[in-house]
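Colleague: One structure is given below, represented as structure tokens, and several questions about it will come after.
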Amino acid sequence: MVATVGMVADLVRQVGGDDVEVTQICGAGVDPHLYKPTTDDVRKIQSAEIVFYCGLKLEGKMIDTLEKVGQTKPVIAITDAVDASRLLRAGGEETLGQSAHPDPHLWNDVSLWSQCVPLVAEELGKLKPELADKFAEAAVAYQAELEKLHAYGQQVMATVPEKSRLLITSHDAFSYFGQAYGLEVQGIQGISTESEAGLRRINELVDLLIERDVRSVFVESSVRPKNVEALMEGAAQRGHEVSTGGVLFSDAMGLAGTYEGTYVGMLDHNLSTTAAALGGQVPAGGFGGKLGGKSSPK
């Protein structure tokens, strides 16, 4: 079976365990907004028994291939399982009407991503009926872990001083994150990395950093840091020194085989890194004790 991005692939692996073999198209550091499937990718998708993808136009340049293959085999957009009333549009507002395109980055709210788990278990059960009960049990266990991770995020972010609860990143991928964990979120670019950041936007964010006396901004693992660097330079020119609070995983997880290469590790990293950089109190090792150097400074 095939999954497009790391977050989806890991969800399938968590539910399917050793009974599934998942081929992932977009690896660590790959931006799915811009990724064009290769001939080999198309071949993998066409030959798979089932294909899982995020949906909501995240995999913009793969959509034609996915829709074509979906005419002859199961091609599952896992975000179809999420209550549409919970979807956001650019700027973090609730989706209004059918014309407003939803923000696809909903994995940054663990409670929303958890809603996708039963759908994956259901589809795997259709593919392997003899294992359906096992997949369902694994889904319940995984949702229990995600519930604890979500609560952890709310707890550590609540320790950040209110004035400092401002998260500025490369592009607008963290609206769900901000809503779920109590942060104001500002992206230099829009919800797709295909958009461009202008000088006016940079100046607006410099004003905000100075007004709030926030000293940390964040780069993303799958987006070039040039816009964040321009923001930091603009702040420095006005006498406000800003440093990077860390690298966050937005559209791609960490390297395969690492803790950050799992969904839980990815969100643990983002939650713990953000809270610590903005002045909150984070336990050593983060949520699961597996993060290196992510505790709050003494």
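Colleague: Would a scan of region 93-105 turn up a residue that is at pLDDT 95 or above and of a type in the set (S, T, N, Q)? Give the derivation first.
Modeller: We begin by selecting, within region 93-105, every residue at pLDDT 95 or above; these are none.
No, region 93-105 has no match at all.
Colleague: Within region 59-90, take every residue that is assigned to a loop (DSSP other than H, G, I, E, B) and open to solvent by less than 60 Å² (accessible area, probe 1.4 Å) and give me the one that is nearest to T38 (Cα to Cα).
Modeller: Step one: filter region 59-90 for residues assigned to a loop (DSSP other than H, G, I, E, B), giving 59, 70-74, 82-83, 87, 89-90.
From what is left, the residues that are open to solvent by less than 60 Å² (accessible area, probe 1.4 Å) are 59, 70, 73-74, 82, 87, 90.
Values: E59: 13, G70: 18, K73: 20, P74: 21, V82: 30, L87: 31, A90: 29 Å.
Top of the filtered list is E59.
Colleague: L209: over 21 Å from Y152 (Cα atoms), modelled with pLDDT of 90 or more and surrounded by 15 or more Cβ atoms within 10 Å (Cβ to Cβ), yes or no?
Modeller: Working: over 21 Å from Y152 (Cα atoms): yes; modelled with pLDDT of 90 or more: yes; surrounded by 15 or more Cβ atoms within 10 Å (Cβ to Cβ): yes.
For L209, the condition - over 21 Å from Y152 (Cα atoms), modelled with pLDDT of 90 or more and surrounded by 15 or more Cβ atoms within 10 Å (Cβ to Cβ) - is met.
Colleague: Which one is nearest to E49 (Cα to Cα), of the residues in region 117-126 that are free of Cβ contacts under 8 Å to residues at least 60 places away in the same chain and either surrounded by fewer than 16 Cβ atoms within 10 Å (Cβ to Cβ) or of a type outside the set (G, A, S) (or both)? It would help to see each step written out before you state the result.
Modeller: Of region 117-126, the ones free of Cβ contacts under 8 Å to residues at least 60 places away in the same chain are 118-119, 122, 125-126.
Adding the requirement that they be either surrounded by fewer than 16 Cβ atoms within 10 Å (Cβ to Cβ) or of a type outside the set (G, A, S) (or both) leaves 118-119, 122, 126.
Details: P118: 19, L119: 16, E122: 15, K126: 11 Å.
Ranking the qualifying residues of region 117-126, first place goes to K126.
Colleague: Considering only residues that are over 20 Å from Q14 (Cα atoms), open to solvent by 10 Å² or more (accessible area, probe 1.4 Å) and part of a loop (DSSP other than H, G, I, E, B), which ones fall in region 127-176?
Modeller: A158, T159, P161, R165, D172
Colleague: Further question: Being touching a helix residue (DSSP H, G or I) at 6+ places or on another chain (Cβ under 9 Å) and either of a type in the set (F, W, Y) or part of a loop (DSSP other than H, G, I, E, B) (or both): is that true of A252 here? Working first, answer last.
Modeller: Numbers: touching a helix residue (DSSP H, G or I) at 6+ places or on another chain (Cβ under 9 Å): yes; either of a type in the set (F, W, Y) or part of a loop (DSSP other than H, G, I, E, B) (or both): yes.
So A252 passes the test.
Colleague: Scan region 49-70 and report the pairs whose first residue is among the aromatic types (F, W, Y) and whose second residue is part of a helix (DSSP H, G or I), with Cβ atoms within less than 7 Å and a gap of 6+ or a chain change.
Modeller: Once the first residue is among the aromatic types (F, W, Y) and sits in region 49-70, its partners that are part of a helix (DSSP H, G or I) give F52/V8; F52/V12; F52/I78; F52/V120; Y53/V8; Y53/L66.
Colleague: For region 39-49, does any single residue satisfy the condition of being closer than 20 Å to W113 by Cβ and either at pLDDT 95 or above or not in a loop (DSSP other than H, G, I, E, B) (or both)? Let's see the steps before the verdict.
Modeller: Narrowing region 39-49 to residues closer than 20 Å to W113 by Cβ: none.
No.
Colleague: For L199, only one of the following conditions fails: (1) modelled with pLDDT under 85; (2) over 18 Å from R238 (Cα atoms). What is its number?
Modeller: Unmet condition: (2).
Colleague: Can you give me the number of residues within region 1-31 that are at pLDDT 95 or above, surrounded by fewer than 24 Cβ atoms within 10 Å (Cβ to Cβ) and in a loop (DSSP other than H, G, I, E, B)?
Modeller: 4
Colleague: Checking the conditions here, which among V219, V228 is under 18 Å from Q186 (Cβ atoms), touching a Pro at 6+ places or on another chain (Cβ under 9 Å) and surrounded by 18 or more Cβ atoms within 10 Å (Cβ to Cβ)?
Modeller: Details: V228 fails: touching a Pro at 6+ places or on another chain (Cβ under 9 Å).
One residue alone meets the criteria, V219.
Colleague: When region 237-288 is examined, which residues are found to be surrounded by 21 or more Cβ atoms within 10 Å (Cβ to Cβ), in contact (Cβ under 8 Å) with a residue 60 or more places away in the chain and over 24 Å from A141 (Cβ atoms)?
Modeller: L248, S250, D251, A252, T274, A275, A277, L278, V282
Colleague: For V223, only one of the following conditions fails: (1) among the β-branched types (V, I, T); (2) over 21 Å from S164 (Cβ atoms); (3) more than 16 Å from the chain's Cα centre (by Cα). What is its number?
Modeller: All conditions pass for V223, except number (3).
The values are calculated or read from the model by the stated rules, or taken from the named source; none is laboratory data. From a predicted model like this one, the values you see are computed outputs, not experimental measurements. Counting neighbours? That spans all protein chains shown, and the Cβs are built from the backbone with ideal geometry, glycine included. Keep in mind that these areas ignore ligands, DNA and RNA; they rest on the heavy atoms of the full protein, side chains included. Shrake-Rupley method; radii C 1.70, N 1.55, O 1.52, S 1.80 Å.
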